[in-house]
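Report on the structure given below.
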2 protein chains.
Amino acid sequence: MQEHEKIFENFLKIKDLKLTKPRKIILNTVFATHEHFSVDELYDQIRKKHKDVSRATIYRTIPLLVESDLIKQSLRCLAKDHYEHTYGHDRHFHLICEKCGKIIEVESKKAENILNKLAKIHNFDIKEYNVGAKGICKNCRKKI
Amino acid sequence: MQEHEKIFENFLKIKDLKLTKPRKIILNTVFATHEHFSVDELYDQIRKKHKDVSRATIYRTIPLLVESDLIKQSLRCLAKDHYEHTYGHDRHFHLICEKCGKIIEVESKKAENILNKLAKIHNFDIKEYNVGAKGICKNCRKKI
DNA sequence: AACTAATTGCAAATAATTCTCAATCGCATT
DNA sequence: AATGCGATTGAGAATTATTTGCAATTAGTT
Ligand SMILES: [Mn+2]
Ligand SMILES: [Mn+2]
Ligand SMILES: [Zn+2]
Ligand SMILES: [Zn+2]
C-alpha cells in the first residue's frame, strides 16, 4: 500500500469514512503524475480505465483529498480551477505562460520568509499560500 | 471628467468602442470605493441606483476594464472571483481571513523583487502577479 | 448470512457565465 | 434636426460547472 493511500485511509477512518474503490481510483489517478489538473481532465483520465466512476464522486472526493492535505487547489488564475497533489512535494509557486499554458514551478524559501514576515506584522496566521504570476515564457517570447 | 473616465474613454476609442451610459455607470461604481467585489456584489451595488443596467452588460464590461488596466482580478482563492480597481493603487498582496473574510492589503517591494528575480532566472516575462494567502486574522484568533 | 451506515451513479437542480437577437443608442454627416 | 450605420443594450435562452436528492449498492461488523 502506497504512502498516500495510508494517509488517506487514516484520514477517512477518523471521520468514519471508508477508502472505497472509487475513492482509491481517484486518489491513485491523482498521484500517478505530477500534472496540474482540472476536474474535467481528471474525469477524462479516470474514465480511460474506469468507466464506472462518476463525476459526482470525483466532485465529492476532491474536498476530502484537500482536507487531508494530499492535494491542493492551485493555479487559480486560469479559467478553470486546477488542483495538484502536493503530498511529497515542497511548497512552490507557479509561473504560467498565457500563450502556451506551460507551468513553471519555482521554489523559494526567501519568498516564503518574506510572506511569513509580512503576515507576522499583521498578526495573521497563514494556512495556505497562493502565489503565482501570469506572463509569457521563454519559448513563446522568442516567437513574437 | 475623472481620470479613470478619461483613461477608459481613450482605451475604448482606440478600439472603436464608445463610453456609453451603462459603461460609465459600471466604471464609476467600481471606482466609488476600494472594496474588492464579485460580479454579483457589483450588480447589487449598481442596481441600488440604476435599475436598467443588466448583468450581461456588467459581464461584458469587466473584461474591458481589465484590459484597460483599470481593474484587476484579485483574491482568486475565494469561492467566487473578485475584482478590485487598481488604477491609482500600488501593487499589493492579500491576506484573507477564512473566518471573517477580512482582507488585509500588504505592499512589499522586497517580495516583488524576489518574484521578479525568480521569473528572470526562468526567462519568464511576468504580466500579472497573483499573490496572497489564506489564514486566520488577529481578531479571529483571539476568539478561539 | 444479516445488518447498518456510508457510498454510489444517475438525473435533476442550482449557480455562474456566455450567447442570441431584436430594439435602441451614439455619433458623424447631411 | 433628420438620417444612416455600426456599436450596444436588456431580456431571456443556452451553456458550463458544480451540487444535491434519492434509490440501489457496498464495506465493514456482528
Ligand atoms: Mn505545482
Ligand atoms: Mn486589494
Ligand atoms: Zn509559453
Ligand atoms: Zn478574521
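The values are calculated or read from the model by the stated rules, or taken from the named source; none is laboratory data. Because the structure is predicted, anything quoted here is derived from the model rather than measured. Every residue, glycine among them, receives a Cβ derived from its backbone with ideal geometry; neighbour counts consider all protein chains shown. Side chains are part of the model used for accessible areas, which takes the heavy atoms of the whole protein and leaves out ligands, DNA and RNA. Shrake-Rupley method; radii C 1.70, N 1.55, O 1.52, S 1.80 Å.
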| field | Estimated FRET transfer efficiency (residue B:10, residue B:121; beta-carbon r; R0 41 Å; 0.05) | value | 0.65
| request: Within region A:1-25, find all residues whose amide N lies under 19 Å from a label point positioned 7 Å from the Cα of residue A:60 along Cα-to-beta-carbon. | output: A:8-25
| said: Give the average over all directions of the projected area of the C-alpha convex hull of region B:42-85, one decimal, in nm². | reply: 3.4 nm²
| field | Against the rule of thumb 2.2 N^0.38 Å, how large the Cα Rg of region A:90-144 comes out | value | 1.43
| request: Go ahead and set up a Gaussian network model of chain A, Cα springs under 10 Å, then flag whichever of A:71, A:103, A:114 fluctuates most. | output: A:114
| request: Using the 7 Å Cα-to-Cβ label point, sort the distances from residue B:54 to its equivalents in the other copies shortest first and give them in nm to one decimal. | output: 3.6
| task | Order A:50, B:4, most accessible first, counting only protein heavy atoms with a 1.4 angstrom probe. | result | A:50, B:4
| field | Angle in degrees between helix B:55-67 and the longest Cα principal axis of chain B, rounded to the nearest 10 | value | 60 degrees
| message | Please report, for residue B:69, the nm distances (one decimal) from its label point, 7 Å out from Cα along the beta-carbon direction, to the equivalent points in the remaining copies, shortest first. | response | 4.2
| remark: With no solvent term and unit scatterers on the alpha-carbon positions of chain A, Debye gives log₁₀ I(q)/I(0) at q = 0.10, 0.14, 0.17, 0.19 Å⁻¹ of -0.42, -0.78, -1.04, -1.18
| Descending semi-axes in Å of the protein assembly as shown, equivalent ellipsoid built from Cα gyration tensor | 36, 23, 22
| message | Pairs of alpha-carbon atoms within less than 8 angstrom and 6+ residues apart define the contacts here; what relative contact order does chain A have, in percent? | response | 19 percent
| task | State the Cα centre-to-centre distance between region A:64-122 and region B:6-53 in whole Å. | result | 32 Å
| task | Rounded to the nearest 500, what is the 222 nm mean residue ellipticity of chain B from helices alone, with -39500 (n - 2.57) per DSSP H run of 4+ residues and division by all residues? | result | -13500 deg cm²/dmol
